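Structure record follows, encoded as structure tokens.
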Amino acid sequence: MDFFSYRDGQLYCEDVPVDRIAKEFGTPVYIYSQATLKHHYDRIKAAYAEFDPMICYSVKSCGNLNILKKLHEWGSGFDVVSGGELFRVLQAGGDPGKVVYAGVGKTDVEINAALDAGIAYFNIESEEELANLARLARDKGKRAQCALRINPDVDPKTHRHTATGKRESKFGVDLDRAMTVFETFGKESSLSLSAVHLHLGSPIYSAEPYVEALEKTLPFIDALRAKGFAVDTLDLGGGLGADYQTGQTPPTLEYADKIIPMLRGQNLKLILEPGRSIAGNGGLLLTRVIYTKAGGDKRFLIVDAAMNDLIRPAFYGAFHFIWPVQVGDAFVPERREECPPMDGLEKVDVVGPICESGDFLAKERMLPPAQRGDLLGVFTAGAYAFTMSSQYNARPRAAEVLVDGGQCHLIRRRETYDDLVAAERV
Ligand code: LLP
């Protein structure tokens, strides 16, 4: 669900025609819909309301300060994975008391900054990390609140690069070692090891992996309690899907309906770390066709966005719905899908200007005929789009614009050529 829709053959973001944004800010440009972000945040909060969960929005999905500010205003905390992300949260005025910090390679500098900020939980990924945190907290005379991230060995049925809760992945501590971690560190005076963390991977398109992980983790929490460890919090991580195609993701309530009954009566505070499920459908990448050309048996649309702006198709083979911004009646899409049932579509590769054959946004995609100068919308580009962008091929990063009703605000200016070299003038 989102607020990008066609009116009289024109693509709008909320009440703003997106071609107006192209005129004002140029292309490529990321456009975010505030109402969509809010809708998804509210929906998750409401689905788990009976636990009054601490929602920690995952900054890595879309970390623009202005978007973090909004989430903070709506009551969100934050999931971070680096000192840089914590810095972003603090810059945005976020509450450090609602920050959880995961990541397998937290450095001393990063840990010290998080201790100084007073974050809610260090989500611990290894025994060595926990020993190091105990030492650093002791040096500061502090007590660090921690959750042990469990690797429950569950298949989230997603891309291998983004599956994190399987035995062979680098994340968390195997369930069969987790008890020993509590026994070793559970009574350490500079630590309060009182929570368990899970993050299985992403995107996850059904509740089953969560259920499977809980079936393994809840008995483990019982066993911890039986041994006298006061575990009072469960962080379920993120991973809920986004609609790259219409209807691809089950409604939030459908996940919650399976998860909530398992948590009832467990006497656990709940933390959730949604990223994509809030930001994914909240953003669109707007791009312009620079040239069209034939090559072999193919027809190419060469656009001004590239793999440096959206790496997901090249990196994960991910599908992003792409459609012209201005269309005749026959081509108004009712659903976002790979092969819309319409006559007159053309098969094209949508590619960028970068010097790599891997630089594509879509391959063999059926689209309405498009020409040089046309605008195309690349949908569901709110999460892991800008945050994974680079300056490869010395391409300045694109601008970001936040739409709120009929208004649009530039929330990140387009980088300049000078930005490309500024840090090298040393
Ligand atoms: N919590 C932790 C500990 C995570 O590692 C992640 C994502 C999240 C929460 C948020 O997951 P979400 O709700 O957004 O699915 N670049 C990939 C996704 C990598 C996700 C990494 N961790 C992509 O473009 O699909």
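A few remarks follow.
- GNM flexibility winner over the chain from 416, 380, 27 (Cα, springs under 10 Å): 416
- Gain upon complete extension [residue 142, residue 184; 0.36 nm per residue less C-alpha separation]: 13.2 nm
- Förster radius 45 Å - calculated FRET efficiency between residue 225 and residue 109 (Cβ-Cβ, nearest 0.05): 0.80
- Rg [Å, one decimal], Dmax [Å, integer] - the chain, C-alpha atoms: 22.6, 70
- Residue 35 versus residue 316: modelled label distance in nm, points set 7 Å from Cα along the beta carbon direction: 2.7
- Table column - 3J(HN,Hα) (Hz), the stretch 89-100, Karplus curve with 6.51, -1.76, 1.60, x for Gly and Pro: 4, 5, 4, 7, x, x, 8, x, x, 10, 10, 10
- FRET efficiency, residue 127 to residue 65 (Cβ-Cβ, R0 35 Å, nearest 0.05): 0.50
- A cut-off of 5 Å between modelled amide H atoms, ignoring neighbours fewer than 5 places along the same chain, links residue 248 with no other residue.
- Ratio Rg/Rh, restricted to the stretch 89-189 and using Cα atoms, in which Rh is the Kirkwood radius: 1.00
- Most mobile listed residue (340, 250, 28) in the chain, GNM with C-alpha springs under 10 Å: 340
- Under a 5 Å amide H cut-off, with hydrogens placed 1.01 Å from N, residue 57 pairs with 77, 78, 79 among residues at least 5 apart or on other chains.
- Under a 5 Å amide H cut-off, with hydrogens placed 1.01 Å from N, residue 124 pairs with 147, 148, 149 among residues at least 5 apart or on other chains.
- Three-way shape call for the stretch 1-42 based on the alpha-carbon gyration tensor, with the a/c threshold at 1.5: oblate
- Debye log10 I(q)/I(0) at q = 0.23, 0.24 Å⁻¹ for the stretch 1-87, Cα point scatterers: -1.14, -1.18
- Extended-chain gain in nm, criterion 0.36 nm per residue less alpha-carbon gap, residue 19 and residue 5: 3.7 nm
- Rounded to the nearest 10 degrees, the inclination of helix 127-139 to the longest alpha-carbon principal axis of the chain is 70 degrees.
- Here is the list for the stretch 258-311: trypsin sites (Lys or Arg not before Pro) lying in DSSP coil, each with at most 14 other C-beta atoms within 10 angstrom of its C-beta, are 264.
All of the numbers you see were taken from the coordinates with simple rules; none came from a lab. If you're wondering where the values come from, they're calculated on a predicted model, not measured in any experiment. Cβ: placed from backbone, ideal geometry, glycine included. Neighbour counts: every protein chain shown.
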